[in-house]
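Student: So that we are looking at the same thing, I have put the structure below in structure tokens.
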Amino acid sequence: MNRLWTRICALAVCLSCAAAMAQTLSKEESEKIWAEGRAAAKEGPQDIALASQAVLKLPAGRIFVPQPQAGKLLNAMGNPGTDSRLQGLVFPATGDSWFMTVRFEAAGYVKDDDAKDWNADELLKSYREGTEASNAERKKMGFPEMEIVGWAEKPAYNAATHRLVWAMSSKDRGAPSGAAQGVNYNTYALGREGYFSLNLVTALDDLPKDKPAAAELLAALQYDEGKRYADFNAKTDKVAEYGLAALVLGVAAKKLGFFAVIALFFAKFAKVIFLAVAGFGTLFLKYFKRKPAPVPAAMPAVSRAEQDTVPAAFSGGAGDVPPAPPKA
């Protein structure tokens, strides 16, 4: 556990150096945040109650950091602000270079009947259009423009388990073809009153070997009785203002309005760190190829913070993820 936390602390330093909006932390502030996170960390196997909605049966070899410590850790990693949807963070108890954000969006019952009409090419086109529109604002704010490379995994919905999976890869515009790409492997578990988004943050090259961890954790999340998707009561329950396709952004543009989607896109991006930004993916990989580094006397101010990945979860009112590292 001590060794693991040393690795995580060093990772925080890398994240901070890649985030432009991160605040400078003193050595004492940094140590306090990580000490609190370490004290609150829960090692699997054990059951983790989430938002009075579900239980995450945390497997052995995994560590869960709950709120409010999880939010503080994200802040320390260069992710400004707060996120009321965040339930916690999951880290591997090994040297693997990934982590997962866990959020619950109380959006209501998300109808999944539009899944049968999905067109991956159209969703990708819509996603790219939204990214291009947001790039103008990103440029004004001094952030690097983003380029959507394509699907790392096309959207796939399991109607029997009510689970959705998709992944988009991206990079800084103008980056060489061989540059490291960031990716967020986005998974969702639909319930009666909303949905959980479990977003795996990793590097594109590592996605094949890290995907099993995401699948394992998604399967380990079980809704409480009465909160399951099948428990929905059409007479009394709230229905989300958007359908399943909105969770991969595309159809949301038609249902909520294009500019509303852009606003949500930004809201998500302000709450997670994007691997593709400022060479973050490269830093992430380089760190885990070195021996753990000590936490510096002061975590330097940097250039900015982003998110989890390109759309993680798309909330319909205040943005969840349509993309995101951790900040979705």
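Just so you know, all these numbers are worked out from the coordinates, no wet-lab data involved. Computed from a predicted model, the values in this text were never measured in an experiment.
Student: Which of 27/154; 42/111; 116/238; 111/140; 27/211 have a Cα-Cα distance over 32 Å?
Tutor: 27/154; 42/111; 111/140; 27/211
Student: Just from the alpha-carbon atoms, what are the Rg and Dmax of the range 90-159 in angstroms?
Tutor: When restricted to the Cα atoms of the range 90-159, Rg and Dmax are 16.7, 42 Å.
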